[in-house]
1. Could you sort the peptides 30-41, 121-132 by per-residue average Cβ neighbour count (10 Å cutoff), highest mean leading?
2. Please state the shape class of the range 96-163: rounded when a/c is under 1.5, otherwise prolate if a/b exceeds b/c and oblate if not, all from the C-alpha gyration tensor.
3. Can you give me the long-range amide H partners of K43? Hydrogens built in the peptide plane at 1.01 Å from N, cutoff under 5 Å, separation of 5 or more residues or another chain.
4. With only Lys, Arg, Asp and Glu charged, each at its Cβ (+1 for the first two, -1 for the last two), find how big the charge dipole of the range 8-159 is about the Cα centre; round to the nearest 20 debye.
5. Taking the Cα atoms of the range 8-159, report the difference between the largest and smallest coordinate on each principal axis, in whole Å and largest first.
6. Peptides 107-115, 17-25, 67-75: what's the order by average Cβ count within 10 Å, highest mean first?
7. Using a basic spin-label model with each label point 7 Å from the Cα along Cα→Cβ, how many nm lie between R17 and A107?
8. Between F45 and S127, what is the label-to-label distance in nm when each label sits 7 Å out along the Cα-to-Cβ direction?
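Derivation of every value follows stated rules applied to the coordinates shown; laboratory data play no part. From a predicted model like this one, the values you see are computed outputs, not experimental measurements. FYI the Cβ positions are ideal-geometry reconstructions off the backbone, even for glycines, and counts take in every protein chain you see.
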Amino acid sequence: MRNGEPPKIEVATKAARFAVAAEGLGIDVAIVDFIDSHARLVKPFSVETRHIQATLLNTDCGGGTPLADALELASQLVEDHRDEPLIVAVTDGEPSSVDDVIEQIRASPAPICSLTIATDTQAGNLSAAASELATYYEREATIYDGDQLDDRLDQFASLLVGF
């Protein structure tokens, strides 16, 4: 997440605005992230994103990308939630295990969509892992240029209409 210009972690933290916007539309949001190669619940459904935004804007990063663990935790959260669930993964497309992520996508009780941050590659050149996973997500959008984040978030939100 340190690679890219701007670094992918900076783009990912700015994507937290997506959660604030969703809540503004009356959508319940929970947020799972990674710390020291472990998935953790950062924001349960019961807490508004604006209350924990400082935590979400922290650009420290290190360790692996346990995306499969995060998707498993998200699946557990949505199983217990009463609304029509949707899981959105904001990722650099480089999980610790592609096979484990595919297994979690297949087992998920809710559709999983991905917003892939690829500011370290040329447009259209996703890594092999990100390209493979893109075929498994219900919807997928990629950000190659951090300056286009707002436009891409709007486009991504429009892809999610109907869930």
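1. Numbers: 30-41: 16.6, 121-132: 13.8.
The densest-packed peptide leads the list: 30-41, 121-132.
2. oblate
3. I31
4. Working: 10 positive and 27 negative charges, 55 e Å.
So the dipole magnitude of the range 8-159 works out to roughly 260 debye.
5. Here the spans come out as 38, 33, 32 Å, largest first.
6. Details: 107-115: 18.6, 17-25: 14.9, 67-75: 22.1.
The packing order, highest mean first, is 67-75, 107-115, 17-25.
7. Computed distance between label sites R17 and A107 equals 3.6 nm.
8. Those two pseudo-labels are separated by 3.2 nm.
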